Amino acid sequence: MSQTVDSFSFAKRIPATPSIGSTTVTKQDHVHLSFGFAAPHLFPIEQLSQSAAEAVTLHGRKALQYSGSVGPGQILKWIQARSQVHGIHVELDQILVTYGSTQGIDLATRILVEPGDHVWVESPSFFSALQAFRTAEAEITSFPIDEEGVRVDLIEHALLNAKQNGKPLPKFLYTMPTYHNPGGVTLSVERRKRLVQLAEIYNFFILEDDAYSELNFTGNRYPPLYTLFPERVIYLNTFSKIIAPGLRLGWIFADSNVIAKIKLLNLGGSIGVFTQEIVAKLLDGFAFQEHVDSLIDHYRQQRDVMANAVKNSFGEHVTFHLPEGGFYIWLRFADEVNTSDFLEDAANRGVSFVDGKSFYVNPEGFQYARLCFSYVSEDQIVRGVQSFADAYFAYINKAVS
Ligand SMILES: Cc1ncc(COP(=O)(O)O)c(C=O)c1O
C-alpha cells in the first residue's frame, strides 16, 4: 500500500543538478568526445587481478580491517618516492590518501571555507570543483586563462584592489597549472613564481590540481606550485589518469597541520583501505615508468590525430592551443557562435562534446567546446570530429539563411 508522506525540505546548499562529471556513457554506439575517461585498454587488468588476489589472500586480515586515519601506509611510501621524480619532497605526515582527487577538492574546501567566504578560480575551470565550491556556499570569482595559463597579473590587480578597498580576500585560489582541464594550457614558470608570492603576501591558500602531470608529451618540466610554497599550497593528484579511475584513489600533499585538520573530517578513518592494499601490491615491482611512457605515447598520438582532424574538418573556423599533456583540446569558435546550440544536433549525428558554458561560473564561454581525445580510438576521433563539424556547419548555415 502506498503512503503519502509530507514533503521534506532538504538542505538548500545541495546542488539542484548533478555535475557533468557524474555522467557516464549510456549510448555505446556514439563517439564520445565529451568524457574525460582514461583509455580502458591501457588499464593493467592482469596485474591488478593478481594484486587483488594477493591483497586478499596474503594481507586480507589487515587490508579488510579498520585502519585508523593513517591507513596501511605502503602506498604513502610509493607516492612519496614517486613524487621526488617531480621535485616534490614530503614527509609521510604531509600526505593523505583520498577517494580520488575530487574528494581532495571537497575536503580542502571544507576545512578552508565558511559560507560566504571567497574562492577564486580560473575561467574556464573544472566543473566538479565549481560544484564543490558552490555546495560550500562560497562566493566564486573567476580569472581568465591565456596561452600561458591563468592571468596572474589580473589576480594581482584584484588582490591589490580588494586590499585597498577593504573587500574580502580569497580563502584560496583553485588552479590547474599543468595541462589545464579544459584549456589544455600550462602556467609559465614566471607566473608560477609570482602566484606563490601573491599567496604569501595576501595570505591565501592555493589549491593545486595536478591530475594530469604524469601525462607529459614534450618532456618540458614545470615546478609544481607546492614545491615553491609548501606552507600555503594544497596539492592534489590521482591514480585515475595513470592507473584507472574506478579505483577512486588519489592523494593530497599539504603542510602537516593542514593534513591533520583534513583528517578530522575523515570520520570513517582512512578511505579505501583494501583498494590501497591492492594498488600498493600492484606498484610493488610494477614497471611504472614504462607504463607511464606507454600512456604518454598513446595519448600524444591521440592528441595529434585529433589536432589534425580538427584542422581538416574545421579549417579556419576554430583556433586552439596544442596541449603539452593531458586529455583535452579546447576549441574557440567565432564570438557569435554558441556551441550549446548544436550540442543536440551533434548528438543526433552520434557525437558528444562538452559545450563551453559548462566550465564557467557566470554565463559566458559560449563560443568554446571541449573535445577529449583519451577515451576514443583514432578512427572514432576522425569520424567524431567530422560529425561535430557537420553539426557546426549546419548550425552556421542555418544562422546565415
Ligand atoms: C582537473 C581534474 N581534477 C580532478 C579530476 C578527477 O579526478 P579523480 O578521478 O581522482 O576524482 C579530473 C577528472 O576529470 C580532472 O580533470
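The values are calculated or read from the model by the stated rules, or taken from the named source; none is laboratory data. Predicted model, so just to flag it, every value in this text is computed and none were measured. Positions of Cβ are generated from backbone atoms using ideal geometry, with glycine treated the same way; all protein chains shown enter the neighbour counts. The area values use the complete protein model at the heavy-atom level, side chains included, leaving out ligands, DNA and RNA. Shrake-Rupley method; radii C 1.70, N 1.55, O 1.52, S 1.80 Å.
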Practice task
Test Gly269 against the stated conditions and say whether it is touching a residue at least 24 places away in the same chain (Cβ under 8 Å), farther than 18 Å from Phe43 by Cβ and either away from the ligand (no atom under 16 Å from the Cβ) or among the small types (Gly, Ala, Ser) (or both).
Solution key: yes
Exercise for the section: Working only within the stretch 110-140, note down all residues that are within 16 Å of the ligand (Cβ to nearest atom) and without any contact (Cβ under 8 Å) to a residue 40 or more places away in the chain. Expected result: Ala132
Practice task
Only helices (runs of 4 or more DSSP H) wholly contained in the stretch 97-193 count here; list those with 3 or more residues that are of a type in the set (Gly, Ala, Ser) and in contact with a strand residue (DSSP E or B) (Cβ under 9 Å, 6 or more places away or on another chain).
Solution key: 100-112
Problem - Every residue from the stretch 114-133 that is at pLDDT 95 or above, surrounded by fewer than 22 Cβ atoms within 10 Å (Cβ to Cβ) and within 24 Å of Lys12 (Cβ to Cβ) - result: Glu114, Pro115, Gly116, Asp117, His118
Handout entry: Single unsatisfied condition, Asp106 versus (1) more than 16 Å from the ligand (Cβ to nearest atom); (2) closer than 25 Å to Lys261 by Cα
Key = (1)
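Okay, residues lined up against (1) free of Cβ contacts under 8 Å to residues at least 12 places away in the same chain; (2) open to solvent by 10 Å² or more (accessible area, probe 1.4 Å):
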site	(1), (2)
Gln164	yes, yes
Lys167	yes, yes
Pro182	no, no
Ala199	no, no
Phe205	no, yes
Asp210	no, no
Ile243	no, no
Arg248	no, yes
Practice task
Please note which helices (runs of 4 or more DSSP H) are completely contained in the stretch 259-373 and include at least 1 residues that are surrounded by 18 or more Cβ atoms within 10 Å (Cβ to Cβ) and among the β-branched types (Val, Ile, Thr).
Solution key: 273-283, 288-314
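Residue-wise test of (1) over 30 Å from Glu147 (Cβ atoms); (2) over 24 Å from the mean Cα position of the chain (by Cα).
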| residue | (1), (2) |
| --- | --- |
| Gly268 | yes, yes |
| Gln276 | yes, no |
| Asp284 | yes, yes |
| Glu290 | yes, no |
| Glu316 | no, yes |
| Thr319 | no, no |
| Trp330 | no, no |
| Asp335 | no, yes |
| Thr339 | no, no |
Fill in the blank from the handout: Restricting attention to the stretch 61-96, the residues that are closer than 21 Å to Leu282 by Cα and not in a loop (DSSP other than H, G, I, E, B) number exactly 17
Exercise for the section: With the condition kept exactly as written, say whether any residue in the stretch 226-235 is away from the ligand (no atom under 14 Å from the Cβ), open to solvent by less than 10 Å² (accessible area, probe 1.4 Å), assigned to a helix (DSSP H, G or I) and assigned by TED's automatic domain parsing to the domain that holds Ser128. Expected result: yes
Completion exercise
Scanning the stretch 80-101 residue by residue, those open to solvent by 60 Å² or more (accessible area, probe 1.4 Å) and either within 16 Å of the ligand (Cβ to nearest atom) or outside the structural domain of Leu265 (by TED's automatic domain parsing) (or both) turn out to be Tyr99
Exercise for the section: With the condition kept exactly as written, say whether any residue in the stretch 377-385 is β-branched (Val, Ile, Thr), open to solvent by 20 Å² or more (accessible area, probe 1.4 Å), in contact (Cβ under 8 Å) with a residue 24 or more places away in the chain and in a helix (DSSP H, G or I). Expected result: yes
Handout entry: Any hit, the stretch 174-191, residues being of a type in the set (A, V, I, L, M) and in contact with a helix residue (DSSP H, G or I) (Cβ under 6 Å, 6 or more places away or on another chain)
Key = no
